[in-house]
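Okay, so here's the structure we're looking at.
The values are calculated or read from the model by the stated rules, or taken from the named source; none is laboratory data. A quick note: this is a predicted structure, and the numbers were derived from the prediction, not measured. Note that each Cβ is placed from the backbone with ideal geometry, even for glycine, and that neighbours are counted across all protein chains shown. Ligands, DNA and RNA are stripped out before the accessible areas are found, and what is left, the full protein with its side chains, is counted by its heavy atoms. Shrake-Rupley method; radii C 1.70, N 1.55, O 1.52, S 1.80 Å.
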Amino acid sequence: MKVAVEGCCHGELDQIYESISYLENKEGVKVDLLLCCGDFQAVRNEGDMKCMAVPAKYRHMQTFYKYYSGEKKAPVLTIFIGGNHEASNHLQELPYGGWVAPNIYYLGYAGIVRFKGVRIGGVSGIFKSHDYKKGHFEFPPYSPESLRSVYHIRNIDVFKLKQIKMPIDIFMTHDWPRGIYHYGNTNQLIRQKKFLRQEVESGTLGSPAAAELLDHMQPTYWFSAHLHVKFAALMQHEAKNNAAPKITKFLSLDKCLPHRDFLQIVEVADRPGSSVHLEYDPEWLAILKATDSLQKPSCNFWNPPQDNGLHTQILFMCKENKNNDFLQRFFIFRLSLPPFMRVPHGTLVNGGRLTRKRRNLDEPSEYPTDTSGLSSSYNPDEITIEDEWVEEEDEGVECAEGKGTDAVVPEGQVGSQDSDRDSSPQREMANRLILPPPCSAPESEAPLRSLRPLSLPPPSASLSQGSSEEEGGLTPARVPKRTSGETTRGSASHTGGTPQIKRRNQSIYTAVEDEESEG
(Lines give C-alpha, C1' and ligand atoms only; values in the text may rest on other atoms or scores of the structure.)
Protein backbone atom coordinates (compact mmCIF):
# COMPACT_ATOMS: atom_id res chain seq x y z
CA MET A 1 0.00 0.00 0.00
CA LYS A 2 1.00 3.63 -0.51
CA VAL A 3 1.74 5.49 2.72
CA ALA A 4 2.25 9.26 2.70
CA VAL A 5 4.61 10.37 5.47
CA GLU A 6 4.56 13.97 6.68
CA GLY A 7 6.95 15.76 9.06
CA CYS A 8 5.74 18.60 11.28
CA CYS A 9 2.15 19.42 10.41
CA HIS A 10 1.61 22.69 12.35
CA GLY A 11 -2.10 22.59 11.54
CA GLU A 12 -1.65 22.91 7.77
CA LEU A 13 -4.03 20.09 6.86
CA ASP A 14 -5.41 21.84 3.78
CA GLN A 15 -1.93 22.20 2.30
CA ILE A 16 -0.98 18.62 3.14
CA TYR A 17 -4.07 17.07 1.59
CA GLU A 18 -3.70 19.28 -1.48
CA SER A 19 -0.08 18.13 -1.84
CA ILE A 20 -1.17 14.50 -1.61
CA SER A 21 -3.80 15.07 -4.30
CA TYR A 22 -1.18 16.70 -6.50
CA LEU A 23 1.21 13.76 -6.10
CA GLU A 24 -1.57 11.27 -6.79
CA ASN A 25 -2.43 13.01 -10.06
CA LYS A 26 1.20 13.47 -11.04
CA GLU A 27 2.41 9.94 -10.22
CA GLY A 28 -0.82 8.12 -11.01
CA VAL A 29 -1.02 6.49 -7.56
CA LYS A 30 -3.60 6.27 -4.80
CA VAL A 31 -2.48 7.04 -1.25
CA ASP A 32 -4.01 4.68 1.31
CA LEU A 33 -2.75 6.24 4.53
CA LEU A 34 -1.22 9.47 5.85
CA LEU A 35 1.16 9.43 8.85
CA CYS A 36 1.98 12.73 10.60
CA CYS A 37 5.01 12.77 12.90
CA GLY A 38 3.98 15.38 15.45
CA ASP A 39 3.27 19.08 15.95
CA PHE A 40 -0.15 18.27 14.55
CA GLN A 41 -1.92 21.12 16.37
CA ALA A 42 -5.42 19.69 16.66
CA VAL A 43 -6.89 23.06 17.65
CA ARG A 44 -10.68 22.95 17.87
CA ASN A 45 -11.27 26.53 18.94
CA GLU A 46 -9.44 29.53 20.35
CA GLY A 47 -9.56 28.08 23.86
CA ASP A 48 -7.33 25.26 22.64
CA MET A 49 -4.82 27.76 21.29
CA LYS A 50 -4.18 28.98 24.81
CA CYS A 51 -3.07 25.45 25.74
CA MET A 52 -0.28 25.37 23.16
CA ALA A 53 3.26 26.05 24.34
CA VAL A 54 4.09 28.56 21.63
CA PRO A 55 4.65 32.34 21.68
CA ALA A 56 1.52 34.36 21.02
CA LYS A 57 2.60 35.36 17.51
CA TYR A 58 2.57 31.68 16.47
CA ARG A 59 -0.93 30.97 17.77
CA HIS A 60 -3.10 30.61 14.69
CA MET A 61 -6.23 28.58 14.08
CA GLN A 62 -4.84 27.07 10.88
CA THR A 63 -7.21 24.54 9.26
CA PHE A 64 -7.78 21.58 11.60
CA TYR A 65 -11.02 23.06 12.96
CA LYS A 66 -12.62 22.65 9.52
CA TYR A 67 -12.18 18.88 9.74
CA TYR A 68 -13.23 18.78 13.39
CA SER A 69 -16.45 20.72 12.73
CA GLY A 70 -17.40 18.64 9.68
CA GLU A 71 -16.95 21.49 7.23
CA LYS A 72 -14.40 19.23 5.50
CA LYS A 73 -13.48 15.57 5.76
CA ALA A 74 -9.99 14.12 5.52
CA PRO A 75 -9.74 12.50 2.06
CA VAL A 76 -7.36 9.83 3.35
CA LEU A 77 -7.13 7.99 6.68
CA THR A 78 -4.74 10.02 8.86
CA ILE A 79 -2.83 8.74 11.91
CA PHE A 80 -0.68 11.08 13.97
CA ILE A 81 1.34 11.39 17.16
CA GLY A 82 1.87 14.47 19.33
CA GLY A 83 4.93 16.68 19.33
CA ASN A 84 5.95 19.70 21.39
CA HIS A 85 3.53 22.18 19.78
CA GLU A 86 0.10 20.76 20.48
CA ALA A 87 -3.28 21.69 21.95
CA SER A 88 -2.38 19.61 24.99
CA ASN A 89 -5.81 19.91 26.63
CA HIS A 90 -7.38 18.26 23.57
CA LEU A 91 -4.88 15.41 23.31
CA GLN A 92 -5.02 14.73 27.05
CA GLU A 93 -8.69 13.86 26.62
CA LEU A 94 -7.47 10.83 24.61
CA PRO A 95 -4.55 9.34 26.59
CA TYR A 96 -5.01 5.95 24.90
CA GLY A 97 -5.72 7.48 21.50
CA GLY A 98 -8.89 8.07 19.55
CA TRP A 99 -10.58 10.03 16.79
CA VAL A 100 -10.01 13.79 16.86
CA ALA A 101 -12.02 14.26 13.67
CA PRO A 102 -13.68 11.96 11.12
CA ASN A 103 -10.92 9.88 9.49
CA ILE A 104 -8.17 11.43 11.68
CA TYR A 105 -6.84 9.22 14.49
CA TYR A 106 -4.49 10.07 17.38
CA LEU A 107 -2.29 7.30 18.81
CA GLY A 108 -2.30 8.68 22.37
CA TYR A 109 0.68 8.94 24.70
CA ALA A 110 1.77 5.67 23.11
CA GLY A 111 -0.14 3.28 20.93
CA ILE A 112 -0.21 0.55 18.30
CA VAL A 113 -2.94 -0.08 15.71
CA ARG A 114 -3.31 -2.17 12.58
CA PHE A 115 -4.30 -1.15 9.07
CA LYS A 116 -4.43 -3.66 6.23
CA GLY A 117 -2.45 -6.02 8.43
CA VAL A 118 0.38 -3.49 8.97
CA ARG A 119 1.24 -2.80 12.62
CA ILE A 120 1.73 0.93 13.17
CA GLY A 121 2.97 2.31 16.48
CA GLY A 122 4.18 5.55 17.95
CA VAL A 123 4.91 7.58 21.04
CA SER A 124 3.99 11.25 21.46
CA GLY A 125 6.07 14.13 22.78
CA ILE A 126 9.78 14.79 23.15
CA PHE A 127 12.34 13.52 25.64
CA LYS A 128 13.40 15.61 28.64
CA SER A 129 15.35 13.84 31.38
CA HIS A 130 13.96 15.87 34.30
CA ASP A 131 10.36 14.75 33.56
CA TYR A 132 11.04 11.28 32.16
CA LYS A 133 10.41 9.32 35.39
CA LYS A 134 7.32 11.28 36.43
CA GLY A 135 3.73 10.30 35.84
CA HIS A 136 1.29 12.22 33.66
CA PHE A 137 0.35 14.62 36.44
CA GLU A 138 -0.51 17.66 34.32
CA PHE A 139 -4.07 18.81 33.74
CA PRO A 140 -5.71 22.02 32.53
CA PRO A 141 -5.63 24.82 33.39
CA TYR A 142 -1.88 24.55 33.00
CA SER A 143 0.80 26.52 34.78
CA PRO A 144 3.67 27.89 32.66
CA GLU A 145 5.75 24.89 33.76
CA SER A 146 3.14 22.17 33.19
CA LEU A 147 2.24 23.68 29.81
CA ARG A 148 5.69 22.53 28.67
CA SER A 149 6.12 19.36 30.71
CA VAL A 150 2.77 17.95 29.52
CA TYR A 151 4.30 16.97 26.17
CA HIS A 152 7.42 15.29 27.63
CA ILE A 153 7.73 11.53 27.17
CA ARG A 154 7.39 9.39 30.33
CA ASN A 155 9.08 6.10 31.16
CA ILE A 156 5.73 4.40 31.84
CA ASP A 157 4.88 4.70 28.13
CA VAL A 158 8.32 3.47 27.07
CA PHE A 159 7.96 0.58 29.52
CA LYS A 160 4.67 -0.45 27.91
CA LEU A 161 6.17 -0.36 24.42
CA LYS A 162 9.13 -2.45 25.56
CA GLN A 163 6.70 -5.26 26.40
CA ILE A 164 6.06 -5.69 22.66
CA LYS A 165 7.31 -9.05 21.41
CA MET A 166 5.72 -9.36 17.97
CA PRO A 167 7.21 -7.53 14.96
CA ILE A 168 6.37 -3.88 14.31
CA ASP A 169 6.20 -2.61 10.74
CA ILE A 170 6.10 1.18 11.26
CA PHE A 171 6.97 3.28 14.29
CA MET A 172 6.77 7.05 14.75
CA THR A 173 8.43 9.48 17.16
CA HIS A 174 8.58 13.25 17.03
CA ASP A 175 12.22 13.61 18.01
CA TRP A 176 14.94 11.36 16.59
CA PRO A 177 16.40 8.26 18.24
CA ARG A 178 19.77 9.22 19.65
CA GLY A 179 22.64 8.19 17.40
CA ILE A 180 20.55 7.55 14.26
CA TYR A 181 22.49 10.29 12.42
CA HIS A 182 25.56 7.99 12.34
CA TYR A 183 23.72 5.74 9.86
CA GLY A 184 23.06 8.43 7.25
CA ASN A 185 24.88 11.31 5.58
CA THR A 186 26.01 13.11 8.74
CA ASN A 187 28.14 15.67 6.90
CA GLN A 188 25.20 16.78 4.77
CA LEU A 189 23.03 17.07 7.89
CA ILE A 190 25.56 19.38 9.52
CA ARG A 191 25.85 21.46 6.36
CA GLN A 192 22.08 21.94 6.33
CA LYS A 193 21.74 22.52 10.08
CA LYS A 194 25.02 23.96 11.31
CA PHE A 195 23.70 24.50 14.83
CA LEU A 196 23.45 20.71 15.29
CA ARG A 197 27.20 20.15 14.93
CA GLN A 198 28.04 20.26 18.63
CA GLU A 199 25.30 17.81 19.61
CA VAL A 200 26.17 15.45 16.76
CA GLU A 201 29.86 15.43 17.68
CA SER A 202 29.12 14.96 21.38
CA GLY A 203 26.53 12.22 20.68
CA THR A 204 23.76 14.03 22.57
CA LEU A 205 21.40 14.77 19.68
CA GLY A 206 18.15 12.86 19.86
CA SER A 207 16.13 10.90 22.40
CA PRO A 208 17.75 8.08 24.43
CA ALA A 209 14.26 6.70 25.12
CA ALA A 210 13.59 6.45 21.38
CA ALA A 211 16.96 4.78 20.94
CA GLU A 212 15.95 2.12 23.50
CA LEU A 213 12.72 1.47 21.62
CA LEU A 214 14.54 1.31 18.29
CA ASP A 215 16.91 -1.31 19.67
CA HIS A 216 14.07 -3.31 21.24
CA MET A 217 11.42 -3.27 18.50
CA GLN A 218 13.63 -2.98 15.39
CA PRO A 219 10.76 -1.96 13.11
CA THR A 220 10.96 -1.99 9.34
CA TYR A 221 10.31 1.77 9.12
CA TRP A 222 10.91 4.55 11.61
CA PHE A 223 9.55 8.04 10.86
CA SER A 224 10.38 11.25 12.75
CA ALA A 225 10.34 15.04 12.41
CA HIS A 226 11.12 17.84 14.93
CA LEU A 227 14.41 19.11 13.42
CA HIS A 228 12.80 20.53 10.26
CA VAL A 229 15.13 18.76 7.85
CA LYS A 230 14.89 15.77 5.55
CA PHE A 231 17.26 13.03 6.61
CA ALA A 232 17.36 9.34 5.70
CA ALA A 233 19.34 6.54 7.33
CA LEU A 234 19.66 2.78 7.08
CA MET A 235 20.40 1.00 10.35
CA GLN A 236 21.32 -2.68 10.57
CA HIS A 237 20.67 -4.15 14.00
CA GLU A 238 22.64 -6.82 15.73
CA ALA A 239 21.31 -10.34 15.22
CA LYS A 240 19.19 -11.74 18.06
CA ASN A 241 18.39 -15.35 18.93
CA ASN A 242 20.32 -16.72 15.95
CA ALA A 243 17.96 -14.86 13.60
CA ALA A 244 19.04 -12.81 10.62
CA PRO A 245 19.84 -9.17 11.51
CA LYS A 246 16.99 -6.75 10.89
CA ILE A 247 17.24 -3.46 9.04
CA THR A 248 15.33 -0.28 9.92
CA LYS A 249 14.76 2.40 7.31
CA PHE A 250 14.73 5.79 9.04
CA LEU A 251 13.23 8.92 7.52
CA SER A 252 12.77 12.37 9.00
CA LEU A 253 10.95 15.12 7.13
CA ASP A 254 10.64 18.91 7.25
CA LYS A 255 7.73 21.10 8.31
CA CYS A 256 4.89 21.95 5.94
CA LEU A 257 6.14 24.97 4.01
CA PRO A 258 6.56 25.74 0.29
CA HIS A 259 9.73 24.35 -1.29
CA ARG A 260 10.39 22.09 1.72
CA ASP A 261 10.71 18.30 1.85
CA PHE A 262 7.78 17.73 4.20
CA LEU A 263 5.99 14.90 2.38
CA GLN A 264 7.06 11.58 0.90
CA ILE A 265 5.17 8.53 -0.34
CA VAL A 266 6.52 5.17 0.81
CA GLU A 267 5.56 1.73 -0.51
CA VAL A 268 4.75 -0.58 2.41
CA ALA A 269 3.87 -4.25 1.93
CA ASP A 270 0.42 -4.99 3.32
CA ARG A 271 -0.98 -8.41 4.18
CA PRO A 272 -3.56 -9.77 1.72
CA GLY A 273 -6.84 -10.75 3.28
CA SER A 274 -6.48 -8.29 6.17
CA SER A 275 -9.17 -5.82 7.10
CA VAL A 276 -9.24 -2.57 5.14
CA HIS A 277 -10.39 -0.75 8.29
CA LEU A 278 -8.35 0.59 11.18
CA GLU A 279 -8.14 -2.03 13.94
CA TYR A 280 -7.01 -2.25 17.52
CA ASP A 281 -3.90 -4.38 18.07
CA PRO A 282 -4.51 -7.45 20.30
CA GLU A 283 -1.04 -7.46 21.86
CA TRP A 284 -1.19 -3.75 22.66
CA LEU A 285 -4.61 -4.09 24.29
CA ALA A 286 -3.22 -6.88 26.46
CA ILE A 287 -0.27 -4.70 27.47
CA LEU A 288 -2.54 -1.79 28.40
CA LYS A 289 -4.68 -4.07 30.57
CA ALA A 290 -1.70 -5.68 32.29
CA THR A 291 0.02 -2.37 33.06
CA ASP A 292 -3.03 -0.32 34.01
CA SER A 293 -2.36 -0.60 37.77
CA LEU A 294 1.18 0.77 37.29
CA GLN A 295 0.02 4.20 36.15
CA LYS A 296 0.24 6.96 38.74
CA PRO A 297 -0.82 10.55 37.89
CA SER A 298 1.88 11.91 40.17
CA CYS A 299 4.94 14.11 39.75
CA ASN A 300 6.94 11.69 41.90
CA PHE A 301 9.58 9.57 40.20
CA TRP A 302 8.53 6.07 39.12
CA ASN A 303 10.83 3.16 38.31
CA PRO A 304 9.58 0.27 36.17
CA PRO A 305 9.27 -3.12 37.89
CA GLN A 306 11.74 -5.88 37.21
CA ASP A 307 10.80 -9.53 36.58
CA ASN A 308 7.14 -8.90 37.39
CA GLY A 309 5.66 -11.71 35.31
CA LEU A 310 3.80 -9.28 33.06
CA HIS A 311 4.75 -11.13 29.91
CA THR A 312 2.81 -14.25 30.95
CA GLN A 313 -0.29 -12.15 31.62
CA ILE A 314 0.11 -10.35 28.31
CA LEU A 315 0.37 -13.61 26.34
CA PHE A 316 -2.77 -14.99 28.00
CA MET A 317 -4.82 -11.83 27.39
CA CYS A 318 -3.49 -11.50 23.86
CA LYS A 319 -4.85 -14.95 22.97
CA GLU A 320 -8.24 -13.93 24.35
CA ASN A 321 -8.26 -10.71 22.35
CA LYS A 322 -7.62 -12.50 19.06
CA ASN A 323 -10.96 -14.26 19.32
CA ASN A 324 -12.95 -11.08 19.93
CA ASP A 325 -14.66 -9.14 17.20
CA PHE A 326 -14.36 -5.77 18.96
CA LEU A 327 -10.94 -5.09 17.41
CA GLN A 328 -12.65 -3.30 14.53
CA ARG A 329 -15.22 -1.52 16.68
CA PHE A 330 -13.60 1.87 16.91
CA PHE A 331 -15.64 4.46 18.75
CA ILE A 332 -17.56 6.87 16.58
CA PHE A 333 -16.19 10.41 16.57
CA ARG A 334 -18.26 13.01 18.39
CA LEU A 335 -17.64 16.69 19.02
CA SER A 336 -16.21 17.26 22.47
CA LEU A 337 -16.24 21.07 22.36
CA PRO A 338 -17.89 23.66 20.11
CA PRO A 339 -15.69 24.25 17.06
CA PHE A 340 -14.19 27.54 16.05
CA MET A 341 -16.60 29.65 13.97
CA ARG A 342 -15.35 32.16 11.46
CA VAL A 343 -18.01 34.81 10.75
CA PRO A 344 -17.64 37.07 7.70
CA HIS A 345 -16.92 40.70 8.46
CA GLY A 346 -20.09 42.74 8.88
CA THR A 347 -22.44 39.78 9.42
CA LEU A 348 -25.55 40.57 11.49
CA VAL A 349 -25.66 38.49 14.68
CA ASN A 350 -28.35 38.97 17.35
CA GLY A 351 -29.44 42.22 15.76
CA GLY A 352 -25.97 43.80 15.95
CA ARG A 353 -23.32 44.20 13.29
CA LEU A 354 -20.00 42.51 14.03
CA THR A 355 -16.88 44.58 13.64
CA ARG A 356 -14.51 41.68 14.23
CA LYS A 357 -13.70 38.92 11.78
CA ARG A 358 -14.18 36.23 14.39
CA ARG A 359 -17.13 36.16 16.73
CA ASN A 360 -15.45 34.32 19.59
CA LEU A 361 -12.19 36.25 19.46
CA ASP A 362 -12.45 37.56 23.01
CA GLU A 363 -14.53 34.84 24.59
CA PRO A 364 -12.96 33.32 27.73
CA SER A 365 -11.25 29.96 27.43
CA GLU A 366 -12.68 26.84 29.05
CA TYR A 367 -9.11 26.24 30.24
CA PRO A 368 -7.82 29.57 31.64
CA THR A 369 -4.17 28.62 31.23
CA ASP A 370 -1.54 31.18 32.19
CA THR A 371 0.34 31.82 28.94
CA SER A 372 1.71 35.23 29.88
CA GLY A 373 5.22 33.87 30.17
CA LEU A 374 5.37 31.92 26.94
CA SER A 375 6.82 34.71 24.85
CA SER A 376 9.24 35.63 27.60
CA SER A 377 10.37 32.31 29.06
CA TYR A 378 13.34 30.41 27.70
CA ASN A 379 13.39 26.64 27.99
CA PRO A 380 17.07 25.60 27.98
CA ASP A 381 16.19 21.94 27.38
CA GLU A 382 14.50 22.49 24.04
CA ILE A 383 16.27 22.54 20.70
CA THR A 384 15.92 25.89 19.00
CA ILE A 385 15.08 25.35 15.36
CA GLU A 386 17.12 28.23 14.04
CA ASP A 387 15.80 28.34 10.51
CA GLU A 388 12.24 28.90 11.76
CA TRP A 389 13.28 32.01 13.65
CA VAL A 390 15.81 33.30 11.13
CA GLU A 391 13.18 33.19 8.40
CA GLU A 392 10.87 35.34 10.51
CA GLU A 393 13.68 37.83 11.18
CA ASP A 394 14.74 37.95 7.54
CA GLU A 395 11.19 38.63 6.41
CA GLY A 396 10.92 41.45 8.93
CA VAL A 397 14.18 43.03 7.81
CA GLU A 398 13.27 42.82 4.14
CA CYS A 399 9.90 44.43 4.83
CA ALA A 400 11.47 47.19 6.85
CA GLU A 401 14.15 47.86 4.26
CA GLY A 402 11.56 48.06 1.53
CA LYS A 403 9.27 50.48 3.36
CA GLY A 404 11.69 52.44 5.51
CA THR A 405 10.85 53.47 9.07
CA ASP A 406 9.74 56.51 10.97
CA ALA A 407 10.40 55.09 14.43
CA VAL A 408 12.97 56.53 16.81
CA VAL A 409 15.09 54.01 18.69
CA PRO A 410 15.38 54.78 22.41
CA GLU A 411 18.87 55.26 23.76
CA GLY A 412 20.52 52.28 25.39
CA GLN A 413 18.73 49.74 23.18
CA VAL A 414 20.72 50.05 20.01
CA GLY A 415 23.08 47.16 19.53
CA SER A 416 21.70 45.05 22.36
CA GLN A 417 22.08 41.37 21.59
CA ASP A 418 20.65 38.27 23.10
CA SER A 419 21.29 34.69 22.12
CA ASP A 420 18.04 33.34 23.59
CA ARG A 421 15.26 32.99 21.08
CA ASP A 422 12.65 33.19 23.83
CA SER A 423 13.69 36.41 25.50
CA SER A 424 12.28 38.29 28.46
CA PRO A 425 9.46 40.82 27.94
CA GLN A 426 11.94 43.68 28.25
CA ARG A 427 14.24 42.11 25.67
CA GLU A 428 11.37 41.34 23.37
CA MET A 429 10.16 44.95 23.51
CA ALA A 430 13.68 46.16 22.89
CA ASN A 431 14.00 43.89 19.89
CA ARG A 432 10.79 45.29 18.45
CA LEU A 433 12.19 48.81 18.71
CA ILE A 434 15.53 47.98 17.14
CA LEU A 435 14.75 48.75 13.52
CA PRO A 436 17.04 49.08 10.51
CA PRO A 437 18.18 52.61 9.61
CA PRO A 438 15.73 54.58 7.47
CA CYS A 439 16.24 54.67 3.76
CA SER A 440 18.44 57.58 2.72
CA ALA A 441 16.59 60.43 1.06
CA PRO A 442 17.50 61.55 -2.45
CA GLU A 443 20.06 64.31 -2.72
CA SER A 444 17.45 66.66 -4.12
CA GLU A 445 15.36 66.32 -0.96
CA ALA A 446 16.83 67.15 2.44
CA PRO A 447 15.09 65.68 5.51
CA LEU A 448 12.68 67.91 7.35
CA ARG A 449 13.60 68.94 10.90
CA SER A 450 11.60 70.73 13.55
CA LEU A 451 12.21 72.41 16.86
CA ARG A 452 8.93 71.02 18.13
CA PRO A 453 7.91 67.45 17.21
CA LEU A 454 4.30 68.46 16.49
CA SER A 455 4.91 71.73 14.58
CA LEU A 456 5.96 71.88 10.97
CA PRO A 457 8.11 74.67 9.53
CA PRO A 458 6.82 76.87 6.71
CA PRO A 459 7.31 75.16 3.37
CA SER A 460 9.46 77.93 1.95
CA ALA A 461 11.99 77.70 4.80
CA SER A 462 12.09 73.98 5.31
CA LEU A 463 15.40 73.37 3.63
CA SER A 464 17.32 76.07 5.43
CA GLN A 465 15.87 75.19 8.81
CA GLY A 466 16.58 71.53 8.28
CA SER A 467 20.28 72.17 7.65
CA SER A 468 20.69 74.55 10.60
CA GLU A 469 18.96 72.19 13.03
CA GLU A 470 21.00 69.28 11.80
CA GLU A 471 24.13 71.13 12.78
CA GLY A 472 22.67 71.87 16.22
CA GLY A 473 22.00 68.15 16.89
CA LEU A 474 18.28 68.52 17.50
CA THR A 475 15.96 65.51 17.62
CA PRO A 476 14.53 64.81 14.18
CA ALA A 477 10.80 64.88 13.65
CA ARG A 478 8.98 62.09 11.90
CA VAL A 479 8.61 62.72 8.18
CA PRO A 480 4.94 62.47 7.19
CA LYS A 481 4.15 60.38 4.15
CA ARG A 482 2.93 62.01 0.96
CA THR A 483 0.15 60.63 -1.13
CA SER A 484 0.34 60.59 -4.87
CA GLY A 485 -1.58 63.31 -6.68
CA GLU A 486 -2.28 65.25 -3.46
CA THR A 487 -2.95 68.97 -3.74
CA THR A 488 -3.88 71.61 -1.19
CA ARG A 489 -4.85 75.21 -1.34
CA GLY A 490 -1.91 77.40 -2.08
CA SER A 491 -0.07 74.60 -3.82
CA ALA A 492 1.15 77.02 -6.40
CA SER A 493 3.48 78.55 -3.83
CA HIS A 494 5.24 75.25 -3.12
CA THR A 495 8.51 74.50 -4.80
CA GLY A 496 9.23 71.23 -6.53
CA GLY A 497 11.54 69.98 -3.76
CA THR A 498 9.15 70.68 -0.91
CA PRO A 499 6.74 67.90 0.14
CA GLN A 500 3.06 68.73 0.27
CA ILE A 501 1.38 67.51 3.42
CA LYS A 502 -2.24 66.55 3.77
CA ARG A 503 -3.52 67.95 7.04
CA ARG A 504 -5.87 65.98 9.25
CA ASN A 505 -9.42 67.45 9.37
CA GLN A 506 -8.56 69.58 6.35
CA SER A 507 -12.05 71.09 6.14
CA ILE A 508 -11.77 72.59 9.64
CA TYR A 509 -8.42 74.20 8.95
CA THR A 510 -9.65 75.50 5.60
CA ALA A 511 -12.64 77.17 7.27
CA VAL A 512 -10.38 78.84 9.83
CA GLU A 513 -8.01 80.11 7.14
CA ASP A 514 -10.94 81.55 5.15
CA GLU A 515 -12.22 83.43 8.20
CA GLU A 516 -8.76 84.83 8.89
CA SER A 517 -8.34 85.98 5.29
CA GLU A 518 -11.76 87.62 5.32
CA GLY A 519 -10.94 89.43 8.57
- Accessible surface ranking that places the most exposed of HIS130, HIS136 first, with a 1.4 angstrom probe: HIS130, HIS136
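Is segment 1-160 rounded, prolate or oblate when judged by the Cα gyration tensor, a ≥ b ≥ c being the square roots of its eigenvalues, rounded requiring a/c under 1.5 and prolate requiring a/b larger than b/c?
Because a/c hits 1.5 or more and a/b fails to exceed b/c, segment 1-160 counts as oblate.
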- Net charge over other residues, Cβ less than 12 angstrom from the Cβ of ILE265 (K, R count +1; D, E count -1): -2
- Message: Suppose we keep just the alpha-carbon trace of segment 1-62; what are its Rg and Dmax in angstrom?
- Response: 14.1, 42
- Query: Once label points are set 7 Å from the Cα along Cα→Cβ at both SER202 and ALA74, what is their separation, rounded to one decimal in nm?
  - Reply: 3.8
- Put LEU94, LEU205, LEU234 in order of accessible area, largest first, probe 1.4 Å, and you get LEU234, LEU94, LEU205
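Quote to one decimal, in nm, the extra length available between LYS296 and ASN25 on full extension: 0.36 nm per residue of separation minus the C-alpha distance between them.
Working: separation 271, 0.36 × 271 = 97.56 nm, distance 4.92 nm.
Going from the current span to full extension adds 92.6 nm.
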- Residues other than GLY83 with Cβ under 10 Å of its Cβ, Lys/Arg counted +1 and Asp/Glu -1, net out at -3
- Note on the structure: In segment 2-330 the accessible area split gives carbon plus sulfur, as whole percent at 1.4 Å, a share of 50
- Two decimals is fine: what is log10 I(q)/I(0) at q = 0.13 Å⁻¹ for segment 2-330, from a Debye sum with one equal scatterer on every Cα and no solvent? -1.01
- Message: With the cut-off at 1.5 for a/c, could you classify segment 123-190 from its C-alpha gyration tensor as rounded, prolate or oblate?
- Response: oblate
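Return the tail of the calculated pair distribution for segment 49-138, meaning the percent of Cα-Cα pairs more than 19 Å apart.
47
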- Query: Got a sec? Charge dipole of segment 2-330, +1 on Cβ for Lys and Arg, -1 for Asp and Glu; which of ALA209, LEU189, TYR221 is way out at the positive end?
  - Reply: LEU189
- Message: Could you compute the net charge surrounding SER21? Neighbours are other residues with a C-beta less than 15 Å from the C-beta of SER21; K and R count +1, D and E count -1.
- Response: -2
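Using mean Cβ contacts within 10 Å as the protection proxy, how do 193-204, 257-268 order, highest first?
257-268, 193-204
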- Heavy-atom accessible area of THR220, protein chains in place, probe 1.4 angstrom, given in Å² to nearest 10, is 60
- Shape call for segment 134-263, from the Cα gyration tensor axes a ≥ b ≥ c (a/c under 1.5 means rounded, otherwise prolate when a/b beats b/c, else oblate), comes out oblate
- Accessible area, 1.4 Å probe, largest first: how do VAL29, VAL113 sort? VAL29, VAL113
